[in-house]
Amino acid sequence: MALKSRSLILAILPILVASISYEVSAALGGGRIGVWQQIKNPQDPRVLKIAKFAVEEHNKQAGAELKFVKVIKGETQVVSGTNYRLVISAKDIGASGLKNYEAVVWVKPWQKFRQLTSFVEIN
């Protein structure tokens, strides 16, 4: 009986995970797994929190001194969690003027997990 229950759980688990991912995506205005969807409000507090995390994490990893200014635009992609691809304006404390950066942050809110996966200067 226990083997039958375990087999049923293993059969249902992928469907459940996909369903939850789809629901999270729909709640964020997306709805399609793996497809980048434009963020409708880049000034949303959740988006700003993720953007500030990206700058802080980049500063730690690269020994940089960037100061977050604003989110210009962004997209989300539902994966095992959500990828946020953001164009961020930041000021280098040691230089003059603002520069734009593209940051990708992978977020799994149910695990309280955030990881900066890329951070590059763009023109």
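Going by the structure shown, is residue 39 at pLDDT 95 or above, in contact with a strand residue (DSSP E or B) (Cβ under 9 Å, 6 or more places away or on another chain) and open to solvent by 50 Å² or more (accessible area, probe 1.4 Å)?
Judged against the criteria, residue 39 is not a match.
In region 63-101, which residues are more than 18 Å from residue 44 (Cβ to Cβ) and either open to solvent by 60 Å² or more (accessible area, probe 1.4 Å) or of a type in the set (Lys, Arg) (or both)? Give the derivation first.
Filtering region 63-101 for residues more than 18 Å from residue 44 (Cβ to Cβ) gives 63-67, 79-80, 90-101.
Scanning region 63-101 gives 63, 65, 67, 80, 91, 93, 94, 96, 98, 99.
Within region 36-52, which residues are of a type outside the set (Lys, Arg) and under 14 Å from residue 114 (Cβ atoms)?
Correct list: 47, 48, 50, 51.
Return the total of residues in region 33-87 being basic (Lys, Arg) and in a strand (DSSP E or B). Give the steps one after another, and end with the answer.
Step one: list which residues in region 33-87 are basic (Lys, Arg), which gives 40, 46, 49, 52, 60, 67, 70, 73, 85.
Those left that are additionally in a strand (DSSP E or B): 67, 70, 73, 85.
So the answer is 4.
Here is a yes/no grid of residues against (1) at pLDDT 70 or above; (2) at negative phi:
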residue: 23; (1), (2): no, yes
residue: 45; (1), (2): yes, yes
residue: 68; (1), (2): yes, yes
residue: 109; (1), (2): yes, yes
residue: 112; (1), (2): yes, no
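Looking for something among the hydrophobic types (A, V, I, L, M, F, W, C) and farther than 17 Å from residue 117 by Cβ - is there at least one such residue anywhere in region 77-91?
Within region 77-91, one or more residues are among the hydrophobic types (A, V, I, L, M, F, W, C) and farther than 17 Å from residue 117 by Cβ.
Hey, does region 57-73 have a residue that's of a type in the set (Gly, Ala, Ser) and in contact with a helix residue (DSSP H, G or I) (Cβ under 7 Å, 6 or more places away or on another chain)?
First, pick out the residues of region 57-73 that are of a type in the set (Gly, Ala, Ser): 62-64.
Now drop any that are not in contact with a helix residue (DSSP H, G or I) (Cβ under 7 Å, 6 or more places away or on another chain), which leaves 64.
Yes.
The values are calculated or read from the model by the stated rules, or taken from the named source; none is laboratory data. Quantities reported herein were computed from a predicted structural model and do not represent experimental measurements. Here the Cβ is made from the backbone with ideal geometry for all residues, glycine too, and neighbour counts use every protein chain on show. Protein only, heavy atoms only, side chains kept; ligands, DNA and RNA dropped before computing areas. Shrake-Rupley method; radii C 1.70, N 1.55, O 1.52, S 1.80 Å.
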